[in-house]
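The values are calculated or read from the model by the stated rules, or taken from the named source; none is laboratory data. Source: prediction; values computed, not measured. Cβ sites come from the backbone with ideal geometry, for glycine too, and all protein chains shown count toward neighbours. Ligands, DNA and RNA are stripped out before the accessible areas are found, and what is left, the full protein with its side chains, is counted by its heavy atoms. Shrake-Rupley method; radii C 1.70, N 1.55, O 1.52, S 1.80 Å.
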Amino acid sequence: MARNVKPELLVELDLNSPVFLSNWETLELDEQQKVYATFQKITQLTWNQIYRDKGLKWEKIHSIPAPKGIDALYSFRVSKSIRGIGFREDHFLRVLLIEPDHDAAYGKK
C-alpha cells in the first residue's frame, strides 16, 4: 500500500521589511529587474532546492547575531553584485535586506 507523502511546499517570500523596501527603492531599474528575477526563481523552489542551489549560495551568517526569536540569519546571492539577508520561518523566506556591497552583507565594513 502506497503511503501518502505530502509534497514539499514551494518557498514563499515576505518582502515587507522596511530596510528591504528602502534598499529596493535605491536600486537602478536593471538591478531591480535582476532582484525580481531571482525572487521569481526562489518562489519556484522548495527549501531543499534552495539549500542545494549553487547559484543562490545559501550561507549561514556567523558574524551577525540573529535577532531574538530567530534561529539564524542567512545570506544568498540575488545578483552578481547583490546579496540578500533573511531567515526561514516555516515555508517563508523573510527577506530583511538586500545589500549591493557584498562585504557589508556580512557585517565586514
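Among the residues of segment 1-23, those that are farther than 13 Å from S79 by Cβ and either in a helix (DSSP H, G or I) or of a type in the set (G, A, S) (or both) comprise A2, S17, P18, V19, F20, L21, S22. A search for C-beta distances below 7 Å between a residue of segment 63-91 that is under 16 Å from F20 (Cβ atoms) and of a type in the set (K, R) and any residue that is open to solvent by 80 Å² or more (accessible area, probe 1.4 Å) and assigned to a strand (DSSP E or B), counting only pairs 6+ apart in sequence or on different chains, returns R83/R77. Do we have D101 as open to solvent by 40 Å² or more (accessible area, probe 1.4 Å), at pLDDT below 95, at positive phi and among the acidic types (D, E) here? The answer is no for D101. Here segment 59-82 is the region considered, the condition is being assigned to a loop (DSSP other than H, G, I, E, B) and among the charged types (D, E, K, R), and the residue that is farthest from the chain's Cα centre (by Cα) is K68.
Taking segment 43-58 as the region of interest, how many residues are closer than 15 Å to V95 by Cβ and either more than 14 Å from the chain's Cα centre (by Cα) or surrounded by fewer than 15 Cβ atoms within 10 Å (Cβ to Cβ) (or both)? Count: 1.
Which one of these is in a helix (DSSP H, G or I), under 15 Å from I98 (Cβ atoms) and at pLDDT 95 or above: Y36, Y51? Answer to the check: Y36.
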